[in-house]
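Below: one structure, written as C-alpha cells.
The values are calculated or read from the model by the stated rules, or taken from the named source; none is laboratory data. The structure displayed is predicted, hence computed values, not measured ones. Because the Cβ atoms are built from the backbone with ideal geometry, glycine has one as well, and the counts that use them run over all protein chains shown.
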Amino acid sequence: MIPLKDVVQVLLGDESVKESWQYIIVNYRIPKAIVAVLVGAGLGVSGLLMQTLFRNPLAGPYVLGLSSGASLGVAIVILGASLFGGALGQFLVTKWSLIIASSGGSFLVLLAVVIVSSRVKDTMAILIIGLMFASVTAALVSVLSYFSTAEELQRYIFWSFGSLGNLTWNELTILFTAFVIGIGLTIYSIKSLNVLLLGDNYAQSLGLNIKKHRFILILATSVLAGSITAFVGPIAFVGLAVPHLTKLFFDTSNHRVLVPAVLLSGSILLLLCDSISQLPMSEFTLPINAVTSLFGAPVVIWLLVRKKKLFV
Amino acid sequence: MNGLKKHIALKVDKLSIGYQTKKSQTIVAENINFELAKGELIGLIGANGIGKSTLLKTITKSLKALDGGISVNGKSLEAISNMTLAKEVSVVLTENVSQTNLSVLELIALGRQPYTNWIGTLSEEDEIKTKAAIEAIQITDLIHKKCFELSDGQLQKVMLARALAQDTDIIILDEPTTHLDLYHKVSVLKLLQKLAKETQKTILFSTHEINVTLSLCDKVIVIKEKTTHFGSPKALIEENAFDDLFPKDLVVFNAESGSFKIK
C-alpha cells in the first residue's frame, strides 16, 4: 500500500516519492478515479433523462435495453473481427470502433424503444419491450460467441464484467469528450425536461418542439450510455438507482436541481463502489459490475417495496 | 356595448374533425361552426365518444383539421407556430400530473415557459404573472404543497392557475369537472365564469354537467352525431337542441328545468 502522505505528495507534483508509486498513481489510480466520476455521473444522468422522457420511474439505460444494445455492438466488433478479417478487422478492434459500435447499438435500441412507445401508450409495455430487446440482443451475442475464437470470447467476457481501470490518458480524453457532449445536450434540455414532466400534450401546449427535443434527449442518452459502456462495460443499476436516490434526497422533480445533483451523487456513488471493489487491505479486485449490482438490486427492491410513491 | 362588433378570439368555420392515417380518414364530426368572443364562457356538450376531445385537440393543434378553417385572433391556426400559439391558447387537460414531485408553485411557474430564456429562469415579469394567477384562483395557501398531496378539486384549480400564468387570450379545458363532487363542480365553473368576466379571456370547456353549464355559460356548443348547435343556452333550449343529445330510451330533456330527467 502507498501511504496517504506519499499519495498527496505525488498529487502535489513532488518527485521525491518512489518512482513506481508515482507511476501507479499518475497512470493508474488517477485515471481510474476520473473514470469512476464520469461513469457514475454519466449513467446517472442518462437514467434521469430516460425516466423523464418515458415518464416512468423504472426507466434506465439498463432496464430499457440500452446496455444490451451497446453490448451487441461491442460483441459484433470484438467477436465478429475474425469474420470480417483483413484491414477491416484491424480497424474494428480499435477503441474508436468500440465506441461507435457501442453508441450505435444503444442508439438503435433506444430509437426502437421510442418508436414502439409512440405507438404503445402503456408504460408498462415499454419496459417489457425493453426487456425483450435485451433478451434478443443477448441471444444474438450468444450466437456470435458460438462462432468466435476462445481469445475473442475471453476479451468480450472480460469487457462484460466491467472495469473502471485499464484506460490510458488518451482513451480517457475520448470518454471525456463524449461525456461533455452528452452533458452539454442535457444542460441544453433542462427547460424542456421540466415541461416534459407534465406529458407530451402539455409540453406541446407550452410551445415545445417535442420531436426535436425528444431526439436531443435520445442522442444525449445514447452518447452517454454508449460511450461509457464501450470503455468500462455494461455497468448495471447505476442508471436506475442514482436518479432515485437523488430524487429521494433532494425531494424534487425540478431538473434545474436534479441534473447537477445527479452528476454529484453519481460521481460519489461510483467512487464508493470502486473503493469497495478494490477491497482495501486485500489483493483482490472485484468486478465493478458485481459491486454495483450488489448495491443496486437492494435499492431497487427497497424502492418498490416501500409504500411511498415513486416519482418520475 | 351591444352596438359594437365583439372581438372574435376563436373562429371555427365548416370544420371537419377526426383522425388521418396514411391509408384512411376517420371523420368524427363535420360542419362545425362557431365564433367565440372575448370575455365569454363557453361550454362544450356532447355524449361520450362523440368527439369533444377530438374537437379540443384540433383547436389546440394537437390534431390536424381534416377540412375547414380555425382562426385564432384573426390568424389562421395553420400559420401560427407552436411557440406563438402557446402565447395565445393555454390548456387544462385530463392528464395526470401527480406522478411528479413538483411543488404547486413550480408547476404554476411552468406556465411561463413560452416566455422564459433557454434554461427557464423566471424574470421579474414572470414572477408577477405567476403570483397574479395564484391570487386570482385564491390558492395562496397551497403553493408550497407538492402536487401529489392535492385533492382532485385543488389540483384542478392549480392546473387552471398554470394556464392563467401562461397569459393567453384563450383557455381551453378538457372536462375540468370530472371526479369532482357537485359543490366543487359548481365552484370550478363559477371560478371560470368570474375569470372570463374579469380578465376578458375566452374560456372554452367540455363537460357533462348540462344543468350547471346552461345556467352559467354565455354560449354553448352541442355536438351530436349529425349536427352541431351553437348559441346562448336560452336559444338552444328553444331550438330543442338537447332533445336528441342522447338516445331517448332512458333519459329525456326537460326544457323548463334545463336538465335531463330519468324516464
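Across region B:15-53, which residue is modelled with the highest pLDDT among those that are among the small types (Gly, Ala, Ser) and assigned to a loop (DSSP other than H, G, I, E, B)? Give the steps one after another, and end with the answer.
Of all residues in region B:15-53, those among the small types (Gly, Ala, Ser) come to B:16, B:18, B:24, B:29, B:37, B:39, B:43, B:46-47, B:49, B:51, B:53.
Filter once more, keeping what is assigned to a loop (DSSP other than H, G, I, E, B): B:24, B:39, B:47, B:49, B:51.
Details: B:SER24: 89, B:GLY39: 96, B:ALA47: 92, B:GLY49: 89, B:GLY51: 92.
My answer is B:GLY39.
Pick out the one residue from B:LEU142, B:LEU77 that is more than 11 Å from every other protein chain (Cβ to nearest Cβ), over 27 Å from B:LEU191 (Cα atoms) and out of contact with any Phe, Trp or Tyr (no Cβ under 6 Å at 6 or more places or on another chain).
B:LEU77
Looking only at region B:203-252, how many residues end up being closer than 30 Å to B:ALA132 by Cβ and touching a helix residue (DSSP H, G or I) at 6+ places or on another chain (Cβ under 7 Å)?
Step one: list which residues in region B:203-252 are closer than 30 Å to B:ALA132 by Cβ, which gives B:203-207, B:209, B:212-213, B:215-221.
Now narrow it down to the ones that are touching a helix residue (DSSP H, G or I) at 6+ places or on another chain (Cβ under 7 Å): B:203, B:205-207, B:209, B:212, B:216-217, B:220.
Residues in region B:203-252 being closer than 30 Å to B:ALA132 by Cβ and touching a helix residue (DSSP H, G or I) at 6+ places or on another chain (Cβ under 7 Å): 9 in total.
Does B:LYS248 qualify as being free of Cβ contacts under 8 Å to residues at least 12 places away in the same chain and either touching a Lys or Arg at 6+ places or on another chain (Cβ under 8 Å) or not assigned by TED's automatic domain parsing to the domain that holds B:ILE134 (or both)? Reasoning before the result, please.
Working: free of Cβ contacts under 8 Å to residues at least 12 places away in the same chain: yes; either touching a Lys or Arg at 6+ places or on another chain (Cβ under 8 Å) or not assigned by TED's automatic domain parsing to the domain that holds B:ILE134 (or both): yes.
Yes: the conditions hold for B:LYS248.
I need the full set of residues from region A:215-252 which are touching a residue at least 60 places away in the same chain (Cβ under 8 Å) and within 14 Å of chain B (Cβ to nearest Cβ), in order please.
Within region A:215-252, A:PRO243, A:HIS244, A:THR246, A:LYS247 meet the criteria.
Yes or no, residue by residue, for (1) closer than 25 Å to B:VAL12 by Cα; (2) in contact with a Lys or Arg (Cβ under 8 Å, 6 or more places away or on another chain):
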| position | (1), (2) |
| --- | --- |
| B:MET159 | no, no |
| B:ARG162 | no, no |
| B:LEU195 | yes, yes |
| B:ILE203 | yes, no |
| B:LYS224 | yes, no |
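I'd like to know if region B:142-149 contains one or more residues that are touching a strand residue (DSSP E or B) at 6+ places or on another chain (Cβ under 8 Å), in contact (Cβ under 8 Å) with a residue 12 or more places away in the chain, more than 18 Å from A:LEU193 (Cα to Cα) and among the basic types (Lys, Arg). If you could, list the steps in order and put the result at the bottom.
Of the residues in region B:142-149, the ones touching a strand residue (DSSP E or B) at 6+ places or on another chain (Cβ under 8 Å) are B:143-147.
Still in the running and in contact (Cβ under 8 Å) with a residue 12 or more places away in the chain: B:143-147.
Now drop any that are not more than 18 Å from A:LEU193 (Cα to Cα), which leaves B:143-146.
Cutting the leftovers down to among the basic types (Lys, Arg) gives us B:145-146.
The answer is yes; a qualifying residue exists.
Can you report the number of residues in region A:134-186 which are outside any helix (DSSP H, G or I), within 23 Å of A:GLY65 (Cα to Cα) and not aliphatic (A, V, I, L, M)?
Selection size over region A:134-186: 2.
Looking at region A:150-161, is at least one residue more than 18 Å from the chain's Cα centre (by Cα) and aliphatic (A, V, I, L, M)? Explain how you work it out, then say what you get.
From region A:150-161, those more than 18 Å from the chain's Cα centre (by Cα) are A:150-155; that's our starting set.
Imposing the further condition that a residue be aliphatic (A, V, I, L, M) reduces the set to A:150, A:153.
There is at least one residue in region A:150-161 that is more than 18 Å from the chain's Cα centre (by Cα) and aliphatic (A, V, I, L, M).
May I ask you to list pairs of residues, at least six apart or on different chains, whose Cβ atoms are under 9 Å apart, with the first in region A:157-180 being under 22 Å from A:ALA220 (Cα atoms) and the second being at pLDDT 85 or above and among the acidic types (Asp, Glu)?
Pairs that qualify, where the first residue is under 22 Å from A:ALA220 (Cα atoms) and the partner is at pLDDT 85 or above and among the acidic types (Asp, Glu), are A:LEU164/A:ASP274.
For residues in region A:1-29 being β-branched (Val, Ile, Thr) and touching an Asp or Glu at 6+ places or on another chain (Cβ under 9 Å), which is nearest to A:GLN278 (Cα to Cα)?
Ranking the candidates gives A:ILE25 first.
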